[in-house]
Amino acid sequence: MKRYSFSNLILVLGLLFIYLPMVLLVIYSFNASRLVTVWGGWSVKWYVGLLDNSQLMGAVMRSLEIAAYTAVAAVALGTMAAFVLTRIPVFRGRTLFGGLVTAPLVMPEVITGLSLLLLFVAMAQLIGWPAQRGIVTIWIAHTTFCSAYVAVIVMARLRELDQSIEEAAMDLGARPWKVFFLITMPMIAPSLAAGGMLSFALSLDDLVLASFVSGPGSTTLPMEIFSAVRLGVKPEINAVASLILLVVSLATFIAWYVGRRAEQRRLRAMRQAMDETTGQGWQPLDSAVRTPPLRP
């Protein structure tokens with residue numbers, strides 16, 4: 001009994017440690033006082049004031065745009081890398097390719113950001129692109145960083161799949177690309193969704209890479225908050241963070257609800273198929289034991 005009580009205590013303390021700062025953030029976003037540490041009553045003026053803060057809202061929209069682009073590109077590149085590493089067991093340079101794919105996971109972001117900055121500067125001098133650093137360079141940097149996470153997640157899922165299903169489809173005449181899109185993709189869809197959401201969150205949260213590869217007029221939300229915190233936390237930042245928490249919570253709930261409904265439909269279909277199979281299995285047996293009528 002004591003063991004369960006201690007486990008429950010640790011669970012409650014862990015949840016408080018994670019979510020209590022978020023609750024305080026949401027509460028202080030309704031603070032009427034401009035000083036964050038002084039409570040001045042309830043007010044929604046900071047949410048209304050966001051409409052007039054074009055700089056902060058521009059950073060929010062810019063970060064959401066980059067995060068969306070990064071999620072799509074990282075899922076595409078990470079899935080291709082994972083497919084190569086799991087479905088092609090032997091090829092020249094496989095070890096080097098696998099190390100390059102997973103290198104961003106263990107490499108410090110400062111090193112990655114500095115390397116990409118030098119790369120963009122060298123490319124601008126050689127071929128004239130990029131003429132200036134901005135959203136495109138941040139997107140490339142975030143995609144390079146997030147593709148490694150997607151590759152690891154998708155590789156774990158691909159290793160669990162039964163390849164006999166894909167082989168049976170190819171034996172029946174399906175081309176490899178058709179097998180990938182119609183059979184493999186639906187089976188790894190949960191891992192693709194997980195990789196996409198993780199890439200979106202990592203891109204939205206990144207500060208170090210964006211600081212290296214950004215240029216004038218391409219400030220992201222983390223950069224805007226970091227620069228503003230040096231002069232003190234503004235109430236508008238609490239309001240923006242609360243709105244982001246609300247959007248993320250709604251998106252998570254919708255994803256959970258859709259996944260739950262899909263799982264229920266799958267279980268229902270499996271149960272119906274088993275019932276039909278059981279019923280069809282008894283019919284031939286019943287017809288087999290019947291005595292045919294005698295002819296005169």
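The values are calculated or read from the model by the stated rules, or taken from the named source; none is laboratory data. Computed from a predicted structure; not experimentally measured. Ideal geometry is used to build each Cβ from the backbone, glycine not excepted, and the neighbour counts take in all protein chains shown. What goes into the accessible areas is simple: the full protein's heavy atoms, side chains included, and nothing from ligands, DNA or RNA. Shrake-Rupley method; radii C 1.70, N 1.55, O 1.52, S 1.80 Å.
For the set Asp52, Asp275, solvent exposure ranked by accessible area (probe 1.4 Å, protein chains only) runs largest to smallest as Asp52, Asp275.
Take 188-197, 229-238, 127-136 and order them by the average number of nearby Cβ atoms within 10 Å per residue, most first; the result is 188-197, 229-238, 127-136. Taken one residue at a time, the phi angles of the stretch 18-34 give Karplus couplings (6.51, -1.76, 1.60, θ = phi - 60°) of 7, 9, 5, x, 5, 5, 5, 4, 5, 5, 6, 6, 9, 6, 6, 7, 6 Hz. Gly and Pro are set to x. Dividing the summed helix terms, -39500 (n - 2.57) for each DSSP H run of n ≥ 4, by the number of residues in the chain produces a 222 nm estimate of -25500 deg cm²/dmol to the nearest 500.
In degrees, nearest 10, range 0 to 90: what is the angle between the Cα axis of helix 94-106 and the longest Cα principal axis of the chain? For 94-106 against the chain, the angle is about 50 degrees.
Note that the chain shows a convex hull volume over its alpha carbon atoms of 291 Å³ per residue. In the chain, carbon and sulfur make up what percent of the accessible area (probe 1.4 Å)? So the carbon and sulfur contribution to the accessible surface is 70 percent. Computed with a 1.4 Å probe over protein heavy atoms only, the accessible area of Phe181 comes to about 120 Å².
Using the Karplus relation 6.51 cos²θ - 1.76 cosθ + 1.60 with θ = phi - 60°, the per-residue 3J(HN,Hα) values for the stretch 167-173 come to 5, 5, 5, 5, 5, 7, x Hz, with x marking Gly and Pro. To the nearest 10 degrees, how steeply does helix 189-205 sit against the main Cα axis of the chain, on a 0 to 90 scale? So the inclination is approximately 0 degrees. Between Arg260 and Phe226, full extension at 0.36 nm per residue minus the direct alpha carbon distance yields a gain of 8.4 nm. With respect to the chain, whose longest principal axis is taken over its alpha-carbon atoms, helix 135-160 is tilted by about 30°. Short-range pairs are left out: with C-alpha atoms under 8 Å and at least six residues apart, the relative contact order of the chain is 28 percent. Probing with 1.4 Å while keeping every protein chain in the model, the per residue accessible area of the chain equals 67 Å². For Gly215, nonlocal amide neighbours, meaning residues 5 or more places apart or on other chains whose placed amide H falls under 5 Å from its own, are Gly134. In sequence order, the stretch 61-76 has phi-based couplings of 5, 5, 5, 5, 5, 5, 5, 5, 4, 5, 4, 5, 5, 5, 5, 5 Hz under the Karplus curve 6.51 cos²θ - 1.76 cosθ + 1.60, θ = phi - 60°, and Gly or Pro positions carry x.
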